[in-house]
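Enquirer: Take a look at the following structure, please.
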Amino acid sequence: MTLVQSFYGVPFCKAMTAFLDYFKSKVFSVSDHQSFENLSLELFEFQYENVEVYRRYCDLLKRNKPKSLHEIPFLPIESFKWHDVVTQSLQNEFRNEVLFMSSGTTGVMRSKHRVLDPGLYERSAILSFESYFGKLSEMVVFALLPNYIQQGNSSLVYMVDLFIRKTNDARSGFFLDDVSMLLKQIQSARIEGKKVVLFGVAYALLDLAEQHVDLSGVHVLETGGMKGRRKELPKDELHAVLKAGLNLSEIYAEYGMTELLSQAYCKNDEPFLTPPWMRVLIRDERDPFTFLPNDLNNTGGISVIDLANVLSCAFIHTQDLGKYKGSGFQLLGRFDHADIRGCNQLVF
């Protein structure tokens, strides 16, 4: 009898919530490969039984009884545009559901992620961030994310707003066009010796860099591309321009997306590092069911396991290209045929 089946001797909803409580007590304490694989297989079984679109996908592939991590089917990220990827059996058990939607340009369908348990997302986001940067209570957090705010339903805005509140500092906040006030508040925090973090979308940070402002000592965290506002630049070129224009020796970046509940972070050209409950695999570009060995020379599609994604799908094929690098991974771009947000060749 599997772990999930062991909960089936009680009424259905109680069985599902019992498994959910069990899993949430385990996911953030995962510590090694074996425990990660065991939890992944347990979560696969739960999601196969309770997420309809994922079950149909696995059945179409005739891959519904994985025995190891690499045998688990990964859902194409495109599915979040066309399907309701959620645990239907528990959707009425939660009262604080939030809807996240991907960023995109006019005319591009946006992915939708129904997060039934926002508390789970908040815990994952805080633990992911603090494990890399330190305690939010010791920081002042600023945000320069105009397009995300304008489009609405942004998981990034939700996350940064959570971080801002956790700082418990009145100077923390979002800034759209009032750059002079942003710089004033940053300077105030620096004078006090506070750790300062600035989240910014790439084009907004470039606008700031063109003014040649001094942000030395600030942890500037670039969150994504140009969103149709400027010509896309390779990551290393973008960061070189930002460091020169903002008087910085380091630029940080975040790897996250609407469809995930966890994030990876990196500094300069160092690898992105994931929290213990999140893992990136590199798949063969020509065969999405074959994963490449951990070889620095292998480039392929990025597939993500996010165990915090308990109530939707934890196993996702993205449209990003990357390769393994040290104990993490390097982001190299997107597949050529991907739209600005990203599309997938495995739509079903």
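Enquirer: Evaluate segment 196-207: report whether one residue or more is at pLDDT 95 or above and in contact with a Lys or Arg (Cβ under 9 Å, 6 or more places away or on another chain). Can you show your working first?
Expert: Initially, segment 196-207 is screened for residues at pLDDT 95 or above, giving 196-199.
If we keep only those that are in contact with a Lys or Arg (Cβ under 9 Å, 6 or more places away or on another chain) as well, we get 196.
Among the residues of segment 196-207, at least one is at pLDDT 95 or above and in contact with a Lys or Arg (Cβ under 9 Å, 6 or more places away or on another chain), which makes the answer yes.
Enquirer: In segment 138-230, which helices (runs of 4 or more DSSP H) lie fully inside it and hold 1 or more residues that are in contact (Cβ under 8 Å) with a residue 40 or more places away in the chain and surrounded by fewer than 17 Cβ atoms within 10 Å (Cβ to Cβ)? Talk me through it step by step, then tell me what you get.
Expert: On the way: elements: 146-151, 155-167, 179-191, 202-209.
Helices (runs of 4 or more DSSP H) meeting the threshold: 146-151.
Enquirer: Next question. (1) more than 21 Å from Leu206 (Cβ to Cβ); (2) touching a strand residue (DSSP E or B) at 6+ places or on another chain (Cβ under 6 Å): which one isn't true of Ala143, the others all being true?
Expert: Condition (1) is where Ala143 drops out.
Enquirer: Between residues in segment 255-274 that are free of Cβ contacts under 8 Å to residues at least 40 places away in the same chain and residues that are assigned to a loop (DSSP other than H, G, I, E, B), which pairs lie under 6 Å by C-beta distance while being six or more apart or on different chains?
Expert: Listed pairs, sorted by first residue: Lys267/Glu250; Asn268/Glu250.
Enquirer: Looking only at strands (runs of 3 or more DSSP E) that fall completely inside segment 261-343, which ones have 3 or more residues that are farther than 18 Å from Leu75 by Cβ and of a type outside the set (A, V, I, L, M)?
Expert: Values: elements: 264-267, 278-283, 299-306, 315-325, 328-334.
The qualifying strands (runs of 3 or more DSSP E) are 264-267, 315-325, 328-334.
The values are calculated or read from the model by the stated rules, or taken from the named source; none is laboratory data. Predicted model only: the values in this text are computed from it and were never measured. Glycine gets a Cβ as well: all are built from the backbone with ideal geometry, and neighbour counts include every protein chain shown.
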